[in-house]
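For reference, the structure is listed below as structure tokens.
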Amino acid sequence: MTAATMNCDERASAGAHAPPASAADGPIAIICGGGSFPGAVAEMIARRGRRPVMFGLKGWADPQVVERYAHHWIALGQFGRFLRLADAERCRDALFIGTLLRPPLTRIRLDWRTIRLLPRIARSFRGGDDWLLSGVAAMMENGGVRVVGLKEVAPEIIVPEGVLARRQPSARDHADIARALKLIAALGPFDVGQAAVVADNHVLAVEAAEGTDNLLARIADLRRERRVATPPGVGVLVKAPKPGQDRRFDLPSIGPRTIENVVRAGLAGVAVAAGSAIIVEAAETIAAADRAKVFLLGVREDTAA
């Protein structure tokens, strides 16, 4: 950003521009939501020789995660403050990571630069989450910071293709996986849903605003209420990005807790989009799947075809 000849306001008013060049070995700004995941990613980036600079979102990010590294605290809506601090830290690339529920406009604290971009922000809020995040990324890149994805800076966290745990999925499991992928693809134009549960060709649930953990809790409740006809050990959780989704943001993820909740829901296993999904604490997640005797599979998204 220090080499840029226009400031954020000038860039924003000039319209769309190509993303700024990346400093592939320079410091990277990590815009942190909630959870421990931002810290795990920062550690991976540091191991690759880049300096992570944490930008913790006030009210969301965990201080114990953020303050382990060089860091700054920002509020939602402090776009100008972020750009100034990123410039001072010589961050040319930025990464969004961590939990953040879609905020109402009333919760955003606007600084002067953000106020000047308010019409664009309001337009971004009129769509789904992917539309909103892509709009924010465009504004950041107009401000001189390139937005990158996890696959670019921490590829080891991306799920590979193939069977990851000991148990092999059955032919019925593969059929359920294909049906769930078709369902996720069909919902893509509505910018909703990255997960579905299918059991013996019967759609049991589609993820909405509640998130995967609550979706699986709902399946467990349905089983206890005897509203699921298939026996325990039948059915799959499938997670994949929406077709056309900006793969720099909000990739579907799994971790040890996912396996615990799959077991409580009485499912046979988990399939996620290879190359387009995240596995958190991979060794622990695979070990949990082996202990529970559920399958864990990285599957190509075109399996539905």
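Taking the conditions exactly as written (within 16 Å of G188 (Cβ to Cβ) and not assigned by TED's automatic domain parsing to the domain that holds R146), does V270 satisfy them or not?
Details: within 16 Å of G188 (Cβ to Cβ): no; not assigned by TED's automatic domain parsing to the domain that holds R146: yes.
For V270, the condition - within 16 Å of G188 (Cβ to Cβ) and not assigned by TED's automatic domain parsing to the domain that holds R146 - is not met.
Considering only residues that are within 21 Å of P27 (Cβ to Cβ) and in contact with a strand residue (DSSP E or B) (Cβ under 6 Å, 6 or more places away or on another chain), which ones fall in the range 58-67?
Within the range 58-67, A61, V66 qualify.
When the range 129-145 is examined, which residues are found to be surrounded by fewer than 21 Cβ atoms within 10 Å (Cβ to Cβ), at pLDDT 75 or above and over 16 Å from G244 (Cβ atoms)?
E141 - this is the single residue of the range 129-145 that is surrounded by fewer than 21 Cβ atoms within 10 Å (Cβ to Cβ), at pLDDT 75 or above and over 16 Å from G244 (Cβ atoms).
Consider only pairs whose beta carbons are under 8 Å apart and that are at least six residues apart or on different chains; among these, list those whose first residue lies in the range 257-272 and is polar (S, T, N, Q) and whose second residue is surrounded by fewer than 24 Cβ atoms within 10 Å (Cβ to Cβ).
Here the result reads T258/T212; T258/D213; T258/T285; N261/T212; N261/D213; N261/A217; N261/A220, each pair linking the range 257-272 to a residue that is surrounded by fewer than 24 Cβ atoms within 10 Å (Cβ to Cβ).
Does I177 satisfy the criteria of being crowded, with 16+ Cβ neighbours inside 10 Å and at pLDDT 95 or above?
Numbers: crowded, with 16+ Cβ neighbours inside 10 Å: yes; at pLDDT 95 or above: yes.
So I177 fits the description; yes.
Given the conditions (1) closer than 23 Å to S253 by Cα; (2) in contact with a strand residue (DSSP E or B) (Cβ under 8 Å, 6 or more places away or on another chain); (3) surrounded by fewer than 22 Cβ atoms within 10 Å (Cβ to Cβ); (4) of a type outside the set (S, T, Y), which single one is not true for A70?
A70 satisfies every listed condition except (1).
Listed here are the residues, each with its yes/no results for (1) among the small types (G, A, S); (2) in the same structural domain as I259 (by TED's automatic domain parsing); (3) free of Cβ contacts under 8 Å to residues at least 60 places away in the same chain; (4) within 30 Å of P27 (Cβ to Cβ).
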{"residue": "V145", "(1), (2), (3), (4)": "no, no, no, yes"}
{"residue": "K151", "(1), (2), (3), (4)": "no, no, no, yes"}
{"residue": "V163", "(1), (2), (3), (4)": "no, yes, no, no"}
{"residue": "Q168", "(1), (2), (3), (4)": "no, yes, no, no"}
{"residue": "D173", "(1), (2), (3), (4)": "no, yes, no, no"}
{"residue": "A178", "(1), (2), (3), (4)": "yes, yes, no, no"}
{"residue": "G193", "(1), (2), (3), (4)": "yes, yes, yes, no"}
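Do you know which of the residues in the range 243-279 that are of a type outside the set (D, E, K, R) and more than 24 Å from L204 (Cβ to Cβ) is surrounded by the fewest Cβ atoms within 10 Å (Cβ to Cβ)?
At the first step, the residues of the range 243-279 found to be of a type outside the set (D, E, K, R) are 243-245, 249, 251-256, 258-259, 261-263, 265-279.
Next cut, more than 24 Å from L204 (Cβ to Cβ) only: 244, 249, 275.
On the way: G244: 11, F249: 20, G275: 17.
Top of the filtered list is G244.
Please state which one of P232, P252, P256, P241 is out of contact with any Cys (no Cβ under 8 Å at 6 or more places or on another chain) and over 25 Å from T99 (Cα atoms).
Details: P252 fails: over 25 Å from T99 (Cα atoms); P256 fails: over 25 Å from T99 (Cα atoms); P241 fails: over 25 Å from T99 (Cα atoms).
None of the others qualify; the one that does is P232.
Among what's in the range 284-302 and is in a helix (DSSP H, G or I) and surrounded by 19 or more Cβ atoms within 10 Å (Cβ to Cβ), pick the residue that is nearest to the chain's Cα centre (by Cα).
Narrowing the range 284-302 to residues in a helix (DSSP H, G or I): 284-292, 301-302.
Going one step further and asking which of them are surrounded by 19 or more Cβ atoms within 10 Å (Cβ to Cβ), we end up with 285, 288-289.
Numbers: T285: 17, A288: 22, A289: 22 Å.
Here the answer is T285.
Being in contact (Cβ under 8 Å) with a residue 12 or more places away in the chain and either crowded, with 19+ Cβ neighbours inside 10 Å or within 20 Å of E301 (Cβ to Cβ) (or both) narrows it down to one residue among A229, A240; which is it? I'd like the intermediate steps shown before the answer.
Values: A229 fails: either crowded, with 19+ Cβ neighbours inside 10 Å or within 20 Å of E301 (Cβ to Cβ) (or both).
One residue alone meets the criteria, A240.
The values are calculated or read from the model by the stated rules, or taken from the named source; none is laboratory data. For clarity, every value in this text was computed on a predicted model and none was experimentally measured. Cβ coordinates were reconstructed from backbone atoms using ideal geometry, including for glycine residues, and neighbour counts include every protein chain displayed.
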